[in-house]
Amino acid sequence: MKGEDLGFFQYGGSTVILVAPEGIVEWDEDLVANSSGLSGVKGVEDGKPLETLVRVGERIGRVIG
């Protein structure tokens, strides 16, 4: 029905997905390292991806193309 909620964000548990053409975004190094399992964090085995907390307004990369 028009005007009804399609969904909602719940504090601390919502996911946002960014879709962009390949080669248009240069991701920040910490995100790339954590996602690839090369974070170097003590107690985390190499090769195991690690979640990264990203706060509202925090930079995650930049447009390059």
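Annotations
- Pairs where the first residue, in the range 34-48, is under 21 Å from Ile60 (Cβ atoms) and touching a residue at least 12 places away in the same chain (Cβ under 8 Å) and the second is surrounded by 13 or more Cβ atoms within 10 Å (Cβ to Cβ) and β-branched (Val, Ile, Thr), C-beta under 6 Å, 6+ apart: Asn34/Thr52
- Yes/no for Val44 being surrounded by 10 or more Cβ atoms within 10 Å (Cβ to Cβ) and among the aliphatic types (A, V, I, L, M): yes
- Per-region count, the range 4-38, residues exposed (fewer than 10 other Cβ atoms within 10 Å of the Cβ) and modelled with pLDDT of 85 or more: 8
- Hey, Leu18 closer than 30 Å to Gly65 by Cβ and either of a type outside the set (Asp, Glu) or in a loop (DSSP other than H, G, I, E, B) (or both) or not: yes
The values are calculated or read from the model by the stated rules, or taken from the named source; none is laboratory data. Only a predicted model underlies this, so the values are computations on that prediction, with no experimental measurement involved. Note that each Cβ is placed from the backbone with ideal geometry, even for glycine, and that neighbours are counted across all protein chains shown.
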